[in-house]
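The next block holds one structure in the form of structure tokens; read it before the comments.
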Amino acid sequence: MENLLDGWGLTVATFSPLVGVAVMLLIPKDQEERHKLIALVTSLWVAFVSVLLLIGFDLDHTDRLQFVVDKVWIDVISSHYAVGLDGMSLPLLLLTVLVVPLCIVYSWNHFPEPRNPKAFLILILILETGMIGTFVAQDLVLFFVFFEVVLLPMFFMIAVWGGPNRRYASLKFFLFTLFGSALMLVSFLALFFLTGAESFVFADLADNVVAHGVSRTAQLWIFGGMLLGFGIKVPMFPFHTWLPDAHTEAPTVGSVILAAVLLKLGTYGFIRIAIPILPEAAVEWAPWIGLLAVIGIIYGALGCLAQTDMKRLIAFSSVAHMGFVMLGIATLTDFGINAAIMGMVAHGLITGMLFFLAGSMKERYHTLEISRLGGLLVQAPRMGWVFGLCAMASLGLPGLAGFWGEFPAILSAYSPGNGVPVETFRTFMVVAALGTVLAAGYLLWLLQRAAFGTPKEEFADDPHITDATREEWIAWAPMIALIVAIGIYPNLVFRVTDGAVDASLHECLQVNASELTSEQAEALGCADIYDVAGTDDGHGDGHADEHAAVGG
Amino acid sequence: MTDLLTLAASAAGSGLPLGITEGGAWLLRNVWLIPLLPALSFVGILFFGKRLPKGGSELGIAFVGIAFVLALFTAVAWIDHRDDFHGEEVTRTVAVAEHHDEHGDEHHGGHGHPSLAVHNTVTWFQSNGVEFTVGTLVDGPAVMMLVVVTLVSLLVHVYSTDYVAGDRRYTHFFAFLSLFSASMLLLVVSENTLQLLVAWELVGVCSFALIGHWWEEKPNSDAALKAFLTNRVGDMGLLVGVTILFFTVGSALPGQFGSFSIAETNALANAGALSHTALLVASCCLMAAVMSKSGQFFLHTWLPDAMAGPTPVSALIHAATMVVAGVFMIARMYGVFFEGFSIGGSSINMMALVGGLTTLVGASLAFVQSDIKKVLAYSTISQLGYMVMALGVGAWTAAMFHLFTHAFFKACLFLGSGSAAHAVHSFDMKADMGGLRKEMPHTFRTFVIGSIALAGLPPLAGFWSKDEILVGTGGWGLFGGTGGNGAYTFMLVMGIATAALTAAYMTRCVYLTFFGEFRGHGHPHESGPRIVVPLWILAGLAIVAGFLNLPKGFPLVPDSLQERFGHFVEPVAGYFPTIAHGTPSWSLAIFSTLVVAAAIGVAYRYYFVKVEAASKACGKSLTELPNGPTTKYPLARRGHNLLVQKYYLDHLYTDVIAGGTKGPLADVAYSVNQNVIDGVVNAAGENAVKAGNLVYHRFDQLVVDGVVNTSGRASSGAGEELRKIQTGKVQGYAAILFAAATVLAGVFIVIV
């Protein structure tokens, strides 16, 4: 069992959704119940496998890649099928496998027009494969493939099931992301050729950046390309404008998946690829990333204050929240990156919940125009309280998950990593703290106008406005429970991430890059970040064995 | 971080003694039970409250009651511990080894010494390989607060069962009272600043929920929002201040990059191991949080509006407990503030100044209110100013003592005002009250007792604590009195002026509510026992609480009964700075009493004599003289108007700052988003399409296709079909972009 999990666990988790898709393709479109059941069972199976992985995961060595599989995939371009799980990817994997079944349950009786559950659920499952794959991939080409796999289902989801302006929004989403991907691909290819690495495996590349003495300028350029690619996905100011449109037009479940998981692909790219492979460039870029992050925090909040549509407001709030995540990353400290991962998980849960709520409200009111809403607490009290809780969580109330992404990020900005300008980041810290005030402002104003007061006349006697249904509760309860649980005991996440973050940063960044000559940097370099994956030249079965030993 | 603390006998002399111990009585080590109880009742009421016969209130009362009993036992245990504990003290190795023991003889106990705070922690989370803890720090101020919070909370619970009976959200009300109690109790036992911050925000959100309890009406939810947002502004300071302290402390501890521990932070600050600049900046940041939470000028504007909540909430949260969280935080972090603001140096510092101004601003605004709760709200602001001012001049014990006595008499006054309002269905003294002394004798008597205590007439509680604050300013020096930490004459003057104002506005308030003839509608009658009994308990405490800290050398009282409060509450340990204590003087006490009496006399003459006579003359109950100073003198009218407009601060905040951010600023940002950034994006998109068309029509169709056409007609047709299926020109874009990417990659590799 253990060995089976070690060798096959991640692969099964990644590709099971595609098996479900294959089965669903064989079943005619009109057997809706059967499609729903297959999709749900598939996603639950994936969740089950992931729980097995969690149980099998060695929490004392979160810094090591576990369940590693590393086989040559496409020999011609030296690409490997390399997957593995460590403390940085585990929380995001679990978030993904949690959100997907909840989305399927939520959709059960509420498929957006033009319905067609078969196609809709197939897209969700393909998305799941892409998302899981991105989080477990340890090879750049594999990562890129999964990263792009995500794009199409989401494009179709928005373009087919979206709101009135769906064509513009979906195309914008697609082109923006594709543009980023193209630059990212340039960076990946350049990295591969310049380092002369033997494969696209992350650890291999990281080793070779130092070993081959890739010039500083080249590193900066490569990092810049990744910055654009990942930054668009995050999205960072000023590449964020696709997000409000995509969210506003996307069907509820699309918005939830987009907010909960898809945005994290970008931030994950930073902490998994860009920073560990190119730490020196990261130090150079850090002030700029930090600057864009805090601009995003303030700017996103101001954008929220100007909104008249609830869903668009929540979408804009993502810009601000992801700003905190990026600020944490830009500090290049353990604390900051831990905060960033926490921020990703928290934002996924909280903003996901807010989009669920917005969707449910839209279904009842047939509008999300804030000035027409009001008195949700009167007409649907339980839903109103859940909304209140999520708004509080989103504004970073301690005791709920959002706080643990926000405050540690602010904290870490006071004392950024070596080589990162301290005064600049202290300024960022104060600006980010101001962002918490604005966050409270837009969320509470929203809460006041949507939930407090009495219902507007047009909806006062509307029989369709009922409290949360059973499917809604099933979909929401786990997320609410996690928001509270992580809020009270943040170690649920920090315990997992800390070791991995520490290890990935320690070797590279505790050395003050600005004080070292390149030779010294080489000597002290990054050779040991992925000590397990990179200890010897071969990336074959040896590693699987090594990990079997660790697991056993 | 407990594992990094080195346990060593302080006699060994290695490291800095923190003034804390891991030992002590069981209850002192397990004081987390006290906040846990109301937390449990919150969950219980939330899930089962509606199904219980009394709607959950019985659960709240039971759990808070048990918490109160436990708090009393804790107090007994602490009194025992304070003088008789000789366990081991925790010490800490510091980077800067210039620690000089400056805590007097009591500090050298050989094997620990009395007054060690009891410290107990568990791991909360880990980051950067460091384990962060959550836990309890039990010492004098914490125990005092435990007793005050649980007692007032219990009385307010009982009072509420009558006051909010039949309310539309009865169960929710009690759920949030429980959550508030739990958060507040968590705050007072916090062992580190992060935990303090968490509890600080939690009490804020409870305040938000309870101010907005009747959220159907917009003014209530507006008030709730205002309270929360104003507090958030201050909390920015808390976030930044805590961060600065975290790293500053870390820099003084070898092998550690930061620490949230309150004991460590204070001890290091006292020992001079932390940079003064850092402490000053941190103190200023934390002061911002104090200003918002404890209603200090100029972030006090939310507190009067917070009276939109139910009266028991005003008594518990916005008078007795939550609003003193800021004061408590200063008291908790006193090492930091003492060093940061150089409080020992008798120069006017930010804290003393803010406190002094607040006392005057609050007291002056209390004069022009016609809503009885707003009078009390401004009075609370003013009294909180007293406490902050006292802390600012180094009179730590006086501030804590005033916090203690104020909790009782102000809760008594608030609950009394609620009782009166309950009877007349209004809070407007001028329109709907008057003459209530006849119908409501118990409310009347307890309210007057509370008023005298607040005004500070001997021998009621307020006199003793106010007198200590005045002594603490150290500016007197006549007839044997000596200053504490220097001469803060300016603060002394403000304190005495406020005392006069307080006495006068309370006289006005008592007259308008209870004297004259009834101006409202219906027939008011005395409230039931669940309201009256808590009133009498609080009134009783308002009479006797002051005797707990009789000054040293007070005649006819044995030494063992003098300064008991100070002895048990003021820490004498490494985490607490050395503060000098002023010697009380009879002349100051007599002088301030005369000032108060004179102020009461003036107000009495105006209301009880002149207004009363004018009322008799015209045959209806008046509230002001028809031809009073504001009609006679333009200057008085202008001054009055300034007060009515609350110094125009609300206009500044609501219209200028909040309105400006929400309106123009947000709109500009959004229009930049839509027009500039998106304009670029859309233009790029359009141009790309144009370029694509150009390439397609001029190049692809003519040149390439010319070649391909003959062979590839079929496949091209298939491509067209596929393109139609897709909703956009996605494939085309994708192809172009990836082609460009490949070219770029090539160029890049060649060049770089």
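The values are calculated or read from the model by the stated rules, or taken from the named source; none is laboratory data. All of these numbers come straight from a predicted model, not from anything done at the bench. Quick reminder, even Gly has a Cβ in these numbers, built from the backbone with ideal geometry, and neighbours come from all protein chains shown.
Screening A:Pro235 on (1) in a helix (DSSP H, G or I); (2) under 14 Å from the mean Cα position of the chain (by Cα) shows it passes everything except condition (1). When the residues of region A:153-163 are filtered to those that are more than 9 Å from chain B (Cβ to nearest Cβ) and modelled with pLDDT of 85 or more, the one that is nearest to B:Glu686 (Cα to Cα) is A:Ile158. When B:Phe367 is tested against (1) within 18 Å of the chain's Cα centre (by Cα); (2) over 30 Å from B:Val158 (Cα atoms); (3) of a type in the set (Phe, Trp, Tyr), just one condition goes unmet, and that condition is (1). Counting only helices (runs of 4 or more DSSP H) wholly contained in region B:510-625, the ones carrying 1 or more residues that are modelled with pLDDT under 85 and crowded, with 21+ Cβ neighbours inside 10 Å occupy B:564-569, B:586-604. Is region B:28-40 home to any residue that is under 19 Å from B:Phe85 (Cβ atoms) and surrounded by fewer than 18 Cβ atoms within 10 Å (Cβ to Cβ)? Yes: one or more hits.
Here's the yes/no breakdown for (1) under 22 Å from B:Leu274 (Cα atoms); (2) out of contact with any helix residue (DSSP H, G or I) (no Cβ under 7 Å at 6 or more places or on another chain):
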| position | (1), (2) |
| --- | --- |
| B:Ala320 | no, no |
| B:Ala325 | no, no |
| B:Phe328 | no, no |
| B:Ser342 | yes, yes |
| B:Met351 | yes, no |
| B:Val354 | no, no |
| B:Leu360 | no, no |
| B:Ala366 | no, no |
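Examine region B:177-196 for a residue that is away from chain A (no Cβ under 14 Å) and over 20 Å from the mean Cα position of the chain (by Cα), and state whether such a residue exists. No - not one qualifying residue is present in region B:177-196.
None of A:Leu492, A:Leu438 is at the interface with another protein chain (Cβ under 9 Å from one of its Cβ atoms) and closer than 27 Å to A:Ile298 by Cβ except A:Leu438. Filtered by the rule that a residue be touching a Pro at 6+ places or on another chain (Cβ under 6 Å) and of a type in the set (A, V, I, L, M), region A:297-338 gives a lone residue, A:Ala315.
Checking each residue in region A:450-477 for being under 20 Å from A:Ile314 (Cβ atoms) and facing chain B (nearest Cβ under 9 Å) picks out A:Ala451, A:Phe452, A:Gly453. Candidates are the residues of region B:197-247 that are of a type in the set (Ser, Thr, Tyr) and at the interface with another protein chain (Cβ under 8 Å from one of its Cβ atoms); the one that is surrounded by the fewest Cβ atoms within 10 Å (Cβ to Cβ) is B:Ser221.
In region A:212-225, the residues that are at the interface with chain B (Cβ under 9 Å from one of its Cβ atoms) reach residues that are of a type in the set (Phe, Trp, Tyr) with C-beta atoms within less than 9 angstrom, at least six apart or across chains, in these pairs: A:Ala218/B:Phe748; A:Trp221/B:Phe748; A:Ile222/A:Phe188; A:Ile222/B:Phe748; A:Gly225/A:Phe188; A:Gly225/B:Phe748. Could you please let me know if B:Ala319 is farther than 20 Å from B:Val510 by Cα and surrounded by 24 or more Cβ atoms within 10 Å (Cβ to Cβ)? So B:Ala319 fails the test.
For every residue, the table says whether it meets (1) under 25 Å from the mean Cα position of the chain (by Cα); (2) modelled with pLDDT of 85 or more; (3) more than 30 Å from B:Ala282 (Cα to Cα); (4) of a type in the set (Gly, Ala, Ser).
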{"residue": "A:Val431", "(1), (2), (3), (4)": "yes, yes, no, no"}
{"residue": "A:Thr436", "(1), (2), (3), (4)": "yes, yes, no, no"}
{"residue": "A:Ala440", "(1), (2), (3), (4)": "yes, yes, no, yes"}
{"residue": "A:Ala450", "(1), (2), (3), (4)": "no, yes, yes, yes"}
{"residue": "A:Thr454", "(1), (2), (3), (4)": "no, no, yes, no"}
{"residue": "A:Ala460", "(1), (2), (3), (4)": "no, no, yes, yes"}
{"residue": "A:Ile465", "(1), (2), (3), (4)": "no, no, yes, no"}
{"residue": "A:Trp476", "(1), (2), (3), (4)": "yes, yes, yes, no"}
{"residue": "A:Ile483", "(1), (2), (3), (4)": "yes, yes, yes, no"}
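Scanning region B:431-470 for residues that are crowded, with 21+ Cβ neighbours inside 10 Å and on the phi > 0 side of the Ramachandran plot yields B:Gly434, B:Gly456. Does region A:356-368 contain any residue that is part of a helix (DSSP H, G or I) and within 14 Å of chain B (Cβ to nearest Cβ)? The answer is no, given that none of the residues of region A:356-368 is part of a helix (DSSP H, G or I) and within 14 Å of chain B (Cβ to nearest Cβ). Please determine whether any residue of region A:418-425 is within 19 Å of A:Ala301 (Cα to Cα) and either surrounded by fewer than 24 Cβ atoms within 10 Å (Cβ to Cβ) or in contact with a Pro (Cβ under 9 Å, 6 or more places away or on another chain) (or both). Checking region A:418-425: not a single residue is within 19 Å of A:Ala301 (Cα to Cα) and either surrounded by fewer than 24 Cβ atoms within 10 Å (Cβ to Cβ) or in contact with a Pro (Cβ under 9 Å, 6 or more places away or on another chain) (or both).
In region A:295-354, the qualifying residues are those that are buried (at least 24 other Cβ atoms within 10 Å of the Cβ) and polar (S, T, N, Q), and the one that is nearest to A:Ile370 (Cα to Cα) is A:Ser317. Examine region A:42-64 for a residue that is basic (Lys, Arg), closer than 23 Å to A:Val496 by Cβ and modelled with pLDDT under 85, and state whether such a residue exists. Yes, some residue in region A:42-64 is basic (Lys, Arg), closer than 23 Å to A:Val496 by Cβ and modelled with pLDDT under 85. At least 2 residues being among the basic types (Lys, Arg) and closer than 20 Å to A:His247 by Cβ is the threshold, and among the helices (runs of 4 or more DSSP H) wholly inside region A:143-215 those reaching it are A:166-195.
Within region A:194-223, how many residues turn out to be acidic (Asp, Glu) and within 15 Å of A:Leu65 (Cβ to Cβ)? Qualifying residue count, region A:194-223: 2. Evaluated against (1) touching a residue at least 40 places away in the same chain (Cβ under 8 Å); (2) under 28 Å from A:Thr252 (Cβ atoms); (3) at the interface with chain B (Cβ under 9 Å from one of its Cβ atoms), A:Phe174 falls short on exactly one condition, (1).
Restricting attention to region A:114-138, the residues that are part of a loop (DSSP other than H, G, I, E, B) and under 17 Å from A:Val149 (Cβ atoms) add up to 1. Can you find even one residue in region B:409-427 that is assigned to a helix (DSSP H, G or I), closer than 18 Å to B:Gly516 by Cα and of a type in the set (S, T, N, Q)? Yes, some residue in region B:409-427 is assigned to a helix (DSSP H, G or I), closer than 18 Å to B:Gly516 by Cα and of a type in the set (S, T, N, Q). Using beta carbons and a limit of 6 Å, which pairs, at least six apart or on different chains, have the first residue in region A:366-380 and more than 22 Å from B:His172 (Cβ to Cβ) and the second one in a helix (DSSP H, G or I) and of a type outside the set (A, V, I, L, M, F, W, C)? Partner pairs satisfying both residue conditions: A:Leu368/A:Lys311; A:Leu368/A:Lys362; A:Ile370/A:Arg449.
When restricted to residues that are farther than 23 Å from A:Val149 by Cα and without any contact (Cβ under 8 Å) to a residue 60 or more places away in the chain, region A:32-46 contains 3.
In region A:298-331, the residue that is nearest to A:Ala190 (Cα to Cα) out of those that are within 12 Å of chain B (Cβ to nearest Cβ) and β-branched (Val, Ile, Thr) is A:Thr331.
Number of residues in region A:183-196 that are in contact with a Leu (Cβ under 8 Å, 6 or more places away or on another chain) and free of Cβ contacts under 8 Å to residues at least 40 places away in the same chain equals 2.
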